[in-house]
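Visitor: Here it is: the structure, laid out below.
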Amino acid sequence: MKKTNLIPSNRRARITILIMLFGLLALFLFSFVLGRYDVPVSDVVRILLSRIFPIKPTWEKNMEIAVLNIRLPRILLACLVGCCLSVSGASYQSVFQNPMAAPDILGASSGACFGAALAILWGQPKVGVTAFAFVFSLLTVVLVYLIGSRTRGNPVIGILLAGIMISSLFSAGTSYIKLVADPSSQLPEITYWLMGSLSGARMGDVGFALIPMLLGLAPLLALRWRLNVLTLGEEEAGAIGVNTKLLRLVTVLCATLLTAASVSVSGMIGWVGLVIPHLCRKLVGNNCKYLIPASMVFGAIFLLLVDNISRNLLATEIPIGILTAFVGAPFFLYLMMRKERAL
Amino acid sequence: MRLAVENLSFSYGAAEVLHDISFFLEAGEFVSVLGPNGVGKSTLFRCILGSLPDYEGIITVDGRDVRALSRRERAKAVAYIPQIHRPTFGYSVLDTVLMGLSRQVRAFSQPKKEHIALAEDALRRVGAEHLKERDFSRLSGGEQQLVLIARAIAQQSHILVMDEPTSSLDYGNQFRILDLIRKLADEGYGVLLSTHDPQHALRYADTLLALHEGRIAAHGVPADLLDAALIRRLYGVEAELVPSSAGPVIVPKRAGK
């Protein structure tokens, strides 16, 4: 094969996505086995199926509690958050024609952090913290979009600059809240939230995040081929007959919904939205027809894997946000420095 | 298919860029727009393509005001072939050409077999079928320009607007691309093309549209209009036209000689 031909073929892309799906299923089942309380994989399968089919319980009650009440919500949440952050990053990269774009580029994360910190400062329960994070995340991006689209010149650059500015404003706000928070109770809680974690995930969190996540994922999946045209830039895409303004707005809205829903239940988890789409670009190419589904599956695999490490590596749990950076940053550097070759 | 520009004027704020421009373009006609940098060639194109709607005057395609057309209808009427530039993300050549079919592919669906056939047909027409699987971002400038022309053909509009398609090509590719564009005009496309090189207009175009300070300096048959006086006026260069077996050749004079 000639060096100039590096685009994975469509057939190759389809096979890669299929392999990823099987990998995800295997990892999904294996993740239930991990943990301090031993549950064999055969029991895992039967316990899970017993929710749908009438299977006589041959397992201990404790196994069922561990699998259904403790591990299932956490595993589901890891998959959902990984999937959403990764798709959101891939979409932002197309909209802003920028390979360095990530889910927090328009301030969705810094808005969520501010909201969560504020809720903790005001003594809200966990549900309140999640709701505050979600609302502030959306508010921030709406603010960024309104300001950015009113600037003169290139609208894409206007929105990016507004994103950086509003982000730093909210970060400053978060810092101020940390300063005035009660250092014995509130401050550690805020700090821990900011580091990102899936520990203590309950089915309620899954339910809370699921609807906005589906609302964000469905349009992106349906429009994914059209996202390709956005990478051509305003003028060319417009001349091809695409309503760039509407398409960009819909994409940003969906990607923001995904980020807000993810960050509000998991805290700040960086790197997934940047690293996973890039890895998928190497594996299936830049065509969003394959890139978006591949990012979904691979994002879920990645975060589930990292969360398994986070809850099992040490006796005390390591916040997943720290681990994604430990894994993500060196991996990204490796991708950058590696000589290009056919995969 | 007929593109008509009537009394077009455009200003960026207080600065008037185009003043009272009128011309038309018929099917099968090759119109070459000449003029120094910053004279408003790109602005003229952007008005026609609908990205600068705040102009005075009227632009019509087959009698319909382009401002009244939807994006889809406009894309059906006029295709734009940009100067080559390095894309942010590399796509295969076939995927690049398929993007030109965005008008035909329904909003929430993917390109079907018939769309792929159209894209392959467009590649065949420009003689770039063998590049189908290659990475667009790694092609040579000439090959990239071929693919962008194929993308415009796949768009199935009959007016092609090209902003200096030869500006970043090497000497041989400039003529290969212009030969192809001439062939497309002979097949019935209306071509509106801006170029830096008056020789290109002289050799390939049916009609010359020379712009100077935002106004039309000359409009008509290139061989009748392109002379030393026009070149001096447009570019501030002394030149003479030397006859050759393939028509006159523009020879600029070197400074101090």
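Visitor: Write down the accessible area per residue of chain B in Å², having rolled a 1.4 Å probe over the full set of protein chains.
Guide: I get 44 Å² per residue for this part.
Visitor: Still on this structure, I have one more. What FRET efficiency do you get for A:T151 and B:S245 if R0 is 60 Å and r is their Cβ-Cβ distance, rounded to the nearest 0.05?
Guide: Computed FRET efficiency for A:T151 and B:S245 comes out at 0.60.
Visitor: In addition: List every residue whose amide H lies under 5 Å from the amide H of B:S22, counting only residues 5 or more places away in sequence or on a different chain, with H placed 1.01 Å from N in the peptide plane.
Guide: It is B:N7, B:L8, by chain and number.
Visitor: Go through segment B:60-90 and flag every residue whose accessible area shrinks by 50 Å² or more with all protein chains in place compared to the isolated chain (probe 1.4 Å).
Guide: B:R71, B:Y80, B:T88, B:F89
Visitor: Now a separate question. Checking buried surface per residue: for segment A:252-299, which residues lose a minimum of 20 Å² accessible area in the protein assembly relative to the chain alone (1.4 Å probe)?
Guide: A:R281, A:N286, A:N287, A:K289
Visitor: Given a Förster radius of 22 Å and the C-beta distance between A:V45 and A:M203 as r, what FRET efficiency does 1/(1 + (r/R0)^6) yield to the nearest 0.05?
Guide: 0.65
Visitor: Could you state the accessible area per residue of chain A in Å², with a 1.4 Å probe and every protein chain left in place?
Guide: For chain A, the solvent-accessible area averages 44 Å² per residue.
Visitor: Can you tell me the FRET efficiency between A:K245 and B:D65 if r is taken as the Cβ-Cβ distance and R0 is 22 Å, rounded to the nearest 0.05?
Guide: For A:K245 and B:D65, the calculated efficiency is 0.60.
Visitor: Starting at the first residue of segment B:81-92, write each ³J(HN,Hα) from the Karplus equation 6.51 cos²θ - 1.76 cosθ + 1.60 with θ = phi - 60°, in whole Hz, x for Gly and Pro.
Guide: The phi angles translate into 10, x, 5, 5, 8, 6, x, 5, 10, x, 10, 5 Hz.
Visitor: A further question follows. Accessible area, 1.4 Å probe, largest first: how do A:V327, B:V191 sort?
Guide: Putting A:V327, B:V191 in descending order of accessible area: A:V327, B:V191.
Visitor: In whole percent, and with a 1.4 Å probe on the protein chains, what portion of the accessible area of the protein assembly as shown is carbon and sulfur?
Guide: Ligands and nucleic acids excluded, carbon and sulfur reach 62 percent.
Visitor: What pairs in A:K282/B:K112; B:K76/B:K112; A:K245/B:K76; A:K282/B:K76 have C-alpha atoms more than 28 Å from each other?
Guide: A:K282/B:K76
Visitor: Checking an interface number: how much accessible area is buried between A and B, summed over both chains, with a 1.4 Å probe, in Å² rounded to 100?
Guide: For chain A against chain B, roughly 3100 Å² becomes buried.
Visitor: What is the spin-label model distance, in nm, from A:A325 to A:S168 if the labels are put 7 Å beyond Cα along the C-beta direction?
Guide: Simple spin-label model gives 1.9 nm for this pair.
Visitor: Once you put a point 7 Å from the Cα of B:I58 and another 7 Å from the Cα of B:E238, both along the Cβ direction, what distance in nm separates them?
Guide: 4.8 nm
Visitor: Loop-only check: which trypsin sites (Lys or Arg not before Pro) in segment B:55-118 are DSSP coil with at most 10 other Cβ within 10 angstrom?
Guide: Taking segment B:55-118 and a limit of 10 other Cβ atoms within 10 Å, the loop trypsin sites (Lys or Arg not before Pro) found are B:R106.
Visitor: Per residue of segment B:27-32, what does 6.51 cos²θ - 1.76 cosθ + 1.60 with θ = phi - 60° give for ³J(HN,Hα)? Whole Hz please, x for Gly and Pro, Karplus curve as stated.
Guide: For segment B:27-32, the Karplus-derived couplings read 4, x, 9, 10, 9, 10 Hz, x marking Gly and Pro.
Visitor: Loop only per DSSP, at most 12 neighbouring Cβ atoms within 10 Å: give me the trypsin sites (Lys or Arg not before Pro) in segment A:224-307, ordered by residue number.
Guide: Answer by residue number: there is no such site.
Visitor: Which chymotrypsin sites (Phe, Trp or Tyr not before Pro) from segment B:30-124 combine a DSSP loop assignment with at most 15 other Cβ atoms within 10 Å?
Guide: B:F108
The values are calculated or read from the model by the stated rules, or taken from the named source; none is laboratory data. What you see is a predicted model; the values in this text were computed from it and never measured. Every residue, glycine as well, gets a Cβ built from its backbone with ideal geometry; the counts of neighbours run over all protein chains shown. Accessible surface is based on the protein model in full, side chains and every heavy atom, while ligands, DNA and RNA are left aside. Shrake-Rupley method; radii C 1.70, N 1.55, O 1.52, S 1.80 Å.
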